[in-house]
Structure formats: C-alpha cells, structure tokens
1. Using the Karplus curve 6.51 cos²θ - 1.76 cosθ + 1.60 with θ = phi - 60°, work out ³J(HN,Hα) for each residue of region 100-109 in order, rounded to whole Hz, and write x for Gly and Pro.
2. Based on the alpha-carbon set only, what is the convex hull volume of the chain divided per residue, in Å³?
3. Only counting other Cβ atoms within 10 Å, I'd like Cys126, Cys190 sorted with the fewest neighbours first.
4. Helix 207-222: angle to the longest alpha-carbon principal axis of the chain, degrees 0 to 90, nearest 10?
5. Quick check: Cα centre of region 101-140 to Cα centre of region 209-224, how many Å?
6. What are the chymotrypsin sites (Phe, Trp or Tyr not before Pro) within region 18-67 that DSSP puts in a loop, where the Cβ has at most 16 other Cβ atoms within 10 Å?
7. For the chain, find the longest principal axis of its Cα atoms and tell me its angle to the long axis of helix 64-84, 0 to 90°, nearest 10.
8. Please compute the contact order of region 79-224 in relative form: average sequence separation of alpha-carbon pairs under 8 Å and at least six residues apart, divided by the residue count, as a percent.
Amino acid sequence: MEDDEAEARACIADLRQMAVGFEAALSAGIEIKGRWWRQMLGASLMRAASQCRSIASLAEIQSYLDADILVRALVELAITVGWMGDDEAKAEGLRDSGLKQMGKWKEAMEQHDPLPAPALARFNKCMEASGGKSAPPVEQRAQGIPLLKEAYAFSYRRASSSAHTDLRVLTATMTNNERDHAAIIMHDACMAAVIIAKVAAAAFGDDGLQSAADALEKSIKSRS
C-alpha cells in the first residue's frame, strides 16, 4: 500500500511537469493554424495540459476514482492523437464526426426551442467545414498500432468502469479503498501523456516536447 501511494505521489509531480511541457510547446510558437491536423493536435495539447493538472489535483485529495474518469478521457485523447498524427484525411474525419454530433444536438435542442439567431449563425458557419467524412470509433482507432492497442485494452477499458460507475467502482467507494487503485490509475495517466507528447513532438518537430516525453517515460520506467 505504501509503495502504491508513493508511486501515485510521484505520478502527480510527473503529470504537473508534463502539463508544463505541453504548455511550453504551445508558447514556443508551434504552428497550430492552417491544416486541420495542426488545429486538432494543438487543441489536444491544450486539453492534455488541463487534464493532467486536473487529474493531479484530484489525486492530491485522494479522489482517485474521480480522477480516473479524467484518465479515461486522457487515454481516449492519446489513442485519437496517436491514430491521427499529422494525417490530414484522418483529421478531417474527426472534424466531420464532431460536426455530425453537433447536428444531432441541434436537432434535439430545436424540439424544445429554436436556436437564437446568433447561435444559429455560428452553428451554420461551423457546419460549412463538413466534408461528409467520418472517423472510426475509439476501439478501431487503437488497432494496428501496438502501443495504442495496449492503451485501449489495459487503460481505456479499466478506466471506463469509473466513468460508468460499475460494480467495481461502487464497491471501492463503499469500502473506502480508493487508494488501492491509486498506482494503476496514475500510471495510466502518465502513459497517456507520454503518447500524446511523443506524437505531437514528432508531428510538430518540437525537441522540447520530445525531451519532456522522454523524461516522463524515464520516470515511469524507474518505478516499474
């Protein structure tokens, strides 16, 4: 138990440091405008920085199962980023899948009240970008790349139980043993951060982000 908690504390520090690395890459002026993969990868770095800090903050108060919900989101982001990389066609598929979901939301909203004119104008402007493409579901994105396949099988599946509040999570809550899950939850978060950082570093050609990824990976291995 003590070793698990020590590992969790080390991961908290690592995640906060990785958040700094993500933000440093963005501040250094990497080009995140123009092609869709650049826009999506840049936004992914922003999300990763925020999620790493949020996971660390929840872990600091030992709310590990709540942190795990965000770990699932971070792992999904890692799988998506790893699948997309700098592939413009895949980025366009992600864009169009997102726009399709926005369309469904609009239809549901308008069953109650029509969107105000300014909101409708913004919505229509967004929809102009759609090219009718689509992206595969998360599980399919993870196939073909061993690291992503493992991330889905070991991390995403496990963390999904926290998001869906299944029996394992309810039992852990009732018995007050969230700390029993601390090490693996935080390990999965760190591994997801490494994947995001490495993919982004390669796509953008950012040595600083690559160094941050290498440092986090070395830290993870030192605890294995």
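1. Running phi through 6.51 cos²θ - 1.76 cosθ + 1.60 with θ = phi - 60° gives 4, 5, 4, x, 5, 4, 4, 4, 5, 4 Hz.
2. Details: hull volume 32.5 nm³, N = 224.
That works out to 145 Å³ per residue.
3. Values: Cys126 14, Cys190 24.
The order, fewest Cβ neighbours first, is Cys126, Cys190.
4. Helix 207-222 sits at roughly 40 degrees to that axis.
5. Cα centres, region 101-140 to region 209-224: 39 Å.
6. Answer in residue order: no site qualifies.
7. Here the helix axis deviates by roughly 50 degrees.
8. On the way: 88 pairs, mean separation 39.6, N = 146.
27 percent.
Each value in this text was obtained by applying a stated rule to the coordinates, not by laboratory testing. All values derive from a computational prediction rather than experimental measurement. Quick reminder, even Gly has a Cβ in these numbers, built from the backbone with ideal geometry, and neighbours come from all protein chains shown.
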